[in-house]
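> A single structure is presented below for examination.
The values are calculated or read from the model by the stated rules, or taken from the named source; none is laboratory data. Here the structure is a predicted model, which is why all the values come from computation and not from measurement. Note: ideal-geometry Cβ built from the backbone for every residue, glycine included; neighbour counts use all protein chains shown. In case anyone asks, the SASA skips ligands and DNA or RNA and just uses the protein heavy atoms, side chains included. Shrake-Rupley method; radii C 1.70, N 1.55, O 1.52, S 1.80 Å.
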Amino acid sequence: MVTTTTIPHPQNTPIQSVLIVGNYCHDVLLQGGAVFAETLGGAASFISNVFTALSVSFHLTSKVGFDFKYPVNHEPILIPTSKTAVFHAYFDQGHTENAHQDRVLKRVEACDPINQSDLPDRRFGFGMAVGVGGEILPETLEKMVEICDAVFVDIQALIRAFDKNDGTVKLVGLKESGFYHLLPRVKFLKASSEEALFMDVEEVRQWCCVVVTHGKDGCEVYWKDGEMKIEPFGANQVDPTGAGDSFLGGFVGGLVHGLAVPDAALVGNLFGSLTVGQVGLPKFDLRLLQIIKDEVRRRKLHSTCWFESGDDSMSFTKPGGHEEFRASLALSKLVSTCSVQECVRDVPRSAGSVEQVIGPPCNGQQKLLVGSVYDEPIKQ
Ligand SMILES: Nc1ncnc2c1ncn2[C@@H]1O[C@H](COP(=O)(O)OP(=O)(O)OP(=O)(O)O)[C@@H](O)[C@H]1O
Ligand SMILES: O[C@H]1[C@H](O)[C@@H](O)[C@H](O)[C@@H](O)[C@H]1O
């Protein structure tokens, strides 16, 4: 039987507002010529899922078309004359041309771009430019750097080009992307190891911090005067989709909570590893999240984020206890195997309250859920 209660959420008081800009999309995953999953996609959906889990408040600017088929907490802008962006991901074609590629992506439908006028008319501490289908324009990013104190950019929003005939995603050099001149006004640029080949890391790190993710090997952070590797967490990968997005959600979420860069990157690695263990948008174990949030609270170094004060001298140094923090996050993963009789869905309904929905056991297949209502398409 399913029971529903509304409970106050004192620990989940929103702590700082982030602007997320990027379209939701429909993802179709294919292998061996057959569809094996259809899910909600788009970096914006993976990041907002992680933010909800970490109790980070955010504003989302995202566009979808009339055919958008997933229920979401943060309503996108509906464009009645457009279709929702759709990506087909072919998992058995990935290694042929490029050893760094784990799949071939095709954008088979595009949605409208996000214009300056679609962005809210107020300031934010953090902005995230996280497009997937070319929807972020140079002028959009320009307005973001004007209204946000610190802008984080996923390079995939800048360097993707789409084959005219079948929509195959190709990457262009960052210099040729039309966004290069804005980099000195960006705080962090995140790229996967495949995407990093399309930029000159040595040049870009002079202007903004660069984070390169390396799949199961964790990530590397480059800034003007140094670089460091951040250790990964183990995972049984079943679907890599969204790992980079969840990484960015965990990373920025950690920074919003006042962590130094190396600790925040660990939180990013943790959410990346949790994402590859599930197909599509991940569901997080309630107890796991509680442990993560407790550990993050204990690690918080600053009462406000470090770059709000303009002092980043300490922020790139691994703070004392970094290894212990990593060990406690790694331990927290042990609780995520579902062995209880009932599964709890923790669904945010309005600011300051969540609705907990207790349902039948998930037999270890489905992780205990927090903060995601994205997993079931609306029945037509
Ligand atoms: N197999 C794995 N095991 C453990 N952690 C992983 C694994 N794959 C990814 N991660 C974590 O997720 C982060 C991002 O992964 P990755 O580098 O594959 O990003 P990506 O290629 O942008 O992903 P995607 O495009 O699928 O969203 C990594 O830095 C790592 O922390
Ligand atoms: O949902 C996915 C995800 O957001 C990936 O990061 C992106 O590369 C894909 O284009 C998208 O379909």
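> Could you tally the net charge around LEU60, taking each other residue with its Cβ under 12 Å from the Cβ of LEU60, Lys/Arg +1 and Asp/Glu -1?
Working: positive: LYS63; negative: GLU75, ASP118.
Around LEU60, the surrounding residues sum to -1.
> Same structure again: Can you tell me which of 274-281, 247-254, 179-186 comes out highest on packing, and rank the rest after it, using the mean Cβ neighbours within 10 Å? The partial results should precede the final answer.
On the way: 274-281: 21.6, 247-254: 29.5, 179-186: 17.2.
Ranking the peptides 274-281, 247-254, 179-186 by packing returns 247-254, 274-281, 179-186.
> Using amide H atoms built in the peptide plane, which far-off residues or other-chain residues are under 5 Å from GLU109 H to H?
VAL86
> Here's a follow-up. How many percent of the accessible area of the stretch 14-351 is carbon or sulfur, using a 1.4 Å probe? Don't skip to the end; give the middle numbers.
Working: 6730 of 13450 Å².
About 50 percent, which is the carbon plus sulfur part of the accessible surface.
> To continue, here is another question. Run the numbers for ARG287 and LEU331: contour at 0.36 nm per residue of separation, minus the present Cα-Cα distance, in nm.
Numbers: separation 44, 0.36 × 44 = 15.84 nm, distance 1.19 nm.
Roughly 14.7 nm would be gained on extension.
> Still on this structure: What are the ³J(HN,Hα) couplings of the stretch 165-182, residue after residue, when phi is run through the Karplus curve with 6.51, -1.76, 1.60 and θ = phi - 60°? Round to Hz, x for glycine and proline.
Rounded to whole hertz, the list is 8, 10, x, 3, 6, 10, 10, 10, x, 4, 4, 8, 7, x, 10, 4, 5, 8.
> Place a point 7 Å from the Cα of VAL35 along the Cα-to-Cβ direction; which residues of the stretch 149-173 have their backbone N under 20 Å from it?
166-169
> Can you tell me which of 316-326, 187-197, 110-120, 43-53 comes out highest on packing, and rank the rest after it, using the mean Cβ neighbours within 10 Å? Display every interim value, and only then the final one.
Details: 316-326: 14.9, 187-197: 21.4, 110-120: 16.9, 43-53: 28.9.
Descending packing order for the listed peptides: 43-53, 187-197, 110-120, 316-326.
> Where the centroid of each part is defined by its Cα atoms, how far is the stretch 104-159 from the stretch 211-275 in Å?
The stretch 104-159 and the stretch 211-275 have Cα centres spaced 21 Å from each other.
> Also, I was wondering about something else. Relative contact order, percent, of the stretch 14-351 when contacts are C-alpha pairs under 8 Å separated by at least 6 residues?
Numbers: 723 pairs, mean separation 48.2, N = 338.
RCO, the stretch 14-351: 14 percent.
> On to the next question. If you stretched the chain out fully between LYS69 and ILE147, how much longer would it get, using 0.36 nm times the residue separation minus the C-alpha to C-alpha distance? Numbers along the way, then the final one.
On the way: separation 78, 0.36 × 78 = 28.08 nm, distance 3.13 nm.
My answer for the length gained is 24.9 nm.
> If amide hydrogens are placed 1.01 Å from N in the peptide plane, which non-local residues have theirs closer than 5 Å to the one on PHE162?
Sorted by chain and number, the residues that satisfy this are LYS170.
> Pick out, in residue order, every one of the GluC sites (Glu not before Pro) in the stretch 37-109 that is DSSP loop and has at most 14 other C-beta atoms within 10 Å; say none if there are none.
Qualifying residues, ordered by number: GLU97.
> Which entries in LYS106/LYS170; LYS216/LYS283; LYS170/LYS216; LYS187/LYS216 show an alpha-carbon gap greater than 18 Å? Could you put the intermediate results ahead of the total?
Numbers: LYS106/LYS170 9 Å; LYS216/LYS283 20 Å; LYS170/LYS216 23 Å; LYS187/LYS216 25 Å.
Too far apart for the 18 Å limit: LYS216/LYS283; LYS170/LYS216; LYS187/LYS216.
> Could you give me the ³J(HN,Hα) list for the stretch 255-262, computed from phi with Karplus coefficients 6.51, -1.76, 1.60 and θ = phi - 60°, whole Hz, x at Gly and Pro?
Karplus values, whole Hz, x for Gly and Pro: 5, 4, 6, x, 7, 6, 3, x.
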